[in-house]
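One structure is given below, encoded as structure tokens.
Read-outs throughout are calculated quantities, based only on the coordinates presented, and are distinct from any laboratory measurement. What you see is a predicted model; the values in this text were computed from it and never measured. Here the Cβ positions follow ideal geometry from the backbone for every residue, glycine too, while neighbour counts run over all protein chains shown.
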Amino acid sequence: MTITVIGHLCIDQYHRSGELQEQWGGIIYSLLTLASLVNEGDTIHPVFSVGKEDHDKLMDLLKKYPSIDTSRIYTTDEPTNRVMLFYHENGESRTECSKQIAPPIPWTRIKPALDADGILINMVSGFDITLETLDRIRMETREREIPIHLDMHSLTLGVDQQAKRFRRPIPEWRRWCFGINSIQMSEDEAAGLTTERYDEPALLNQLMSLMVNNLTITRGSKGVTLVTHTNKKLTRHEIAGENVGAVVDPTGCGDVFGAAWLYSFLETHDPLLATKNANHAAALKTTVRGPEALDILRQHRSAELPQ
């Protein structure tokens, strides 16, 4: 199996109680989730840029994972995107700022990677690819019926003059969603997606008329909603949240969910089972800190997860 992963790399900077900590973030969570789940012989093709000053450090990390083919990662003179996370006194809520966001990944970098069994597009920064590039990906893969999983992630976040991220609707949201096999968004992303300010029931009806086959709305500890579209019928499934241990760090849970969902769907062609497996994988992520701890998922591969 071959899986292509598209989305921005970033370095997360955590500001807590006057202390600064850095770790890899963004698309790395997607990559290392897949690397922990795939079978021997499977290949993961990431497509993104890295600032030249961070290239060697990134390669040192990725060479630990033989399933990751790094040949489509390219180096740029621009610095790697830093995401600054300022935690408030309660230790839970935070303000997110982004500086030096990388340019969108060019179509010429993506096209050679589209001969795949599945494609994961994670809008880590919200500027990872342009809408025109997504249109070209759809056109290139449509006849081969290659499943695309689109994680909305930061697509609904703008950047103000102080580099703070803020929620804002997407005027062309229908075009972003049209014809995508599976779309993932959080409750907040769903609420802020449309210029029409659709409530959730109206949004579901609108999305499924756009030839979206599967929609997942993640709800944190409350679980996830899956809506499937089969033979012009919408079916809604509610999957409860899982308590698998003490919560250490929820950062990256959505990235883990998306990667686990696509991999499970490619193996089983069952969106409900894929959602259960992804829900479980995201719950496991809350018990560890940082992407390199995702080796925990090796012991919880899709065949072993709740069915």
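May I ask for the net charge around Leu272, where only other residues with Cβ less than 14 Å from the Cβ of Leu272 are counted and Lys, Arg are +1 while Asp, Glu are -1? Before the final figure, lay out each step's value.
Numbers: positive: Arg236, Lys276; negative: Glu238, Glu267, Asp270.
Overall, the nearby charge balance is -1.
Apply 1/(1 + (r/R0)^6) to the Cβ-Cβ distance of His15 and Ile296, taking R0 = 30 Å, and write down the FRET efficiency to the nearest 0.05. Display every interim value, and only then the final one.
On the way: r = 26 Å, r/R0 = 0.88.
Once the sixth-power term is evaluated, E becomes 0.70.
If only Cα atoms are counted, what is the Rg of segment 100-258, and what is its Dmax, in Å?
Over segment 100-258's Cα set, Rg and Dmax evaluate to 16.0, 48 Å.
Based on the Cα coordinates of segment 242-296, what is the per residue volume of their convex hull in Å³?
Working: hull volume 3.7 nm³, N = 55.
Taking only Cα atoms, segment 242-296 has a hull volume of 67 Å³ per residue.
Using a 7 Å offset from the Cα along the Cα-to-Cβ direction at both Thr130 and Glu145, what is the distance between the two label points in nm, to one decimal?
Here the answer is 3.2 nm between the modelled labels.
Between Glu22 and Met1, how high is the FRET efficiency from 1/(1 + (r/R0)^6) when r is the Cβ-Cβ distance and R₀ = 35 Å? Nearest 0.05. Can you show the working numbers first?
Details: r = 33 Å, r/R0 = 0.94.
Here the calculated transfer efficiency is 0.60.
Give the cross-link partners of Lys285 among the lysines, using a straight C-alpha distance below 25 Å as the criterion and excluding same-chain residues fewer than 8 apart.
Lys57, Lys63, Lys64, Lys222, Lys276
Between Arg174 and Lys232, what FRET efficiency comes out of the Förster formula 1/(1 + (r/R0)^6) with R0 = 25 Å and r the beta carbon distance, rounded to 0.05? Mind dumping the intermediate values first?
On the way: r = 19 Å, r/R0 = 0.74.
After rounding, the FRET efficiency stands at 0.85.
If you average the alpha carbon positions of segment 34-76 and of segment 210-256, how far apart do those two centres end up, in angstrom?
27 Å
Return the percentage of antiparallel bridges among DSSP beta bridges fully within the chain, rounded to the nearest 5 %.
Working: 31 of 61 bridges.
Percentage antiparallel, nearest 5: 50.
For Thr43 and Asp56 in the same chain, what is the full-extension length gain: residue separation times 0.36 nm, less their Cα-Cα distance, in nm?
Numbers: separation 13, 0.36 × 13 = 4.68 nm, distance 2.13 nm.
Here the answer is 2.6 nm.
At Thr287 and Thr70, where each label point lies 7 Å from the Cα along Cα→Cβ, what is the point-to-point distance in nanometres?
3.0 nm
In percent, how large is the relative contact order of segment 216-256, given Cα pairs closer than 8 Å and 6 or more residues apart?
Relative contact order, segment 216-256: 31 percent.
Taking amide H positions as placed 1.01 Å from N in the peptide plane, with prolines and chain starts having none, which residues 5 or more places from Thr43, or on another chain, fall under 5 Å of its amide H?
Hits under the 5 Å cutoff: Thr2, Ile3.
Go ahead and estimate [θ] at 222 nm for the chain from helices alone: -39,500 (n - 2.57) per DSSP H run with n ≥ 4, summed, over the residue count, rounded to 500. Don't skip to the end; give the middle numbers.
Numbers: 9 runs with 86 residues, N = 307.
After summing the helix terms and dividing by the residues of the chain, the value is -8000 deg cm²/dmol.
Considering only DSSP states other than H, G, I, E and B, which GluC sites (Glu not before Pro) in segment 163-210 qualify as loop sites with at most 15 other Cβ atoms within 10 Å? Show your work: numbers first, answer last.
On the way: sites: Glu172, Glu187, Glu189, Glu196; in loops: Glu172, Glu196.
Here the sparse-neighbourhood loop sites are Glu172, Glu196.
Counting pairs of alpha carbon atoms under 8 Å apart in space and at least six apart in sequence, what relative contact order in percent does the chain give? Show your work: numbers first, answer last.
Details: 640 pairs, mean separation 51.7, N = 307.
It comes to 17 percent, rounded to a whole number.
Please work out the ratio of the alpha-carbon Rg of segment 39-176 to 2.2 N^0.38 Å and round it to two decimals. Before the final figure, lay out each step's value.
On the way: Rg = 16.7 Å, N = 138, 2.2 N^0.38 = 14.3 Å.
The value comes to 1.17.
Just tell me which lysines come within less than 18 Å, Cα to Cα, of Lys99; anything on the same chain fewer than 8 places away is out.
List returned: Lys52, Lys164.
Can you tell me, using C-alpha contacts under 8 Å and at least 6 residues apart, the relative contact order of segment 70-221 as a whole percent?
Reported as a whole number, the value is 18 percent.
List the chymotrypsin sites (Phe, Trp or Tyr not before Pro) within segment 113-212 that fall in a DSSP loop (any state other than H, G, I, E or B) and whose Cβ has at most 16 other Cβ atoms within 10 Å. Let's see the in-between values first.
Working: sites: Phe127, Phe166, Trp173, Trp176, Phe178, Tyr198; in loops: Phe127, Phe178, Tyr198.
Qualifying residues, ordered by number: Phe178.
Considering only DSSP states other than H, G, I, E and B, which trypsin sites (Lys or Arg not before Pro) in segment 210-249 qualify as loop sites with at most 13 other Cβ atoms within 10 Å?
Working: sites: Arg219, Lys222, Lys232, Lys233, Arg236; in loops: Arg219, Lys232.
Loop-located and lightly packed - Lys232.
Along the charge dipole of the chain, which of Gln13, Met84, Asn213 sits closest to the positive end, that is, farthest toward it, with unit charges on the beta carbon of Lys, Arg, Asp and Glu (+1, +1, -1, -1)?
Asn213
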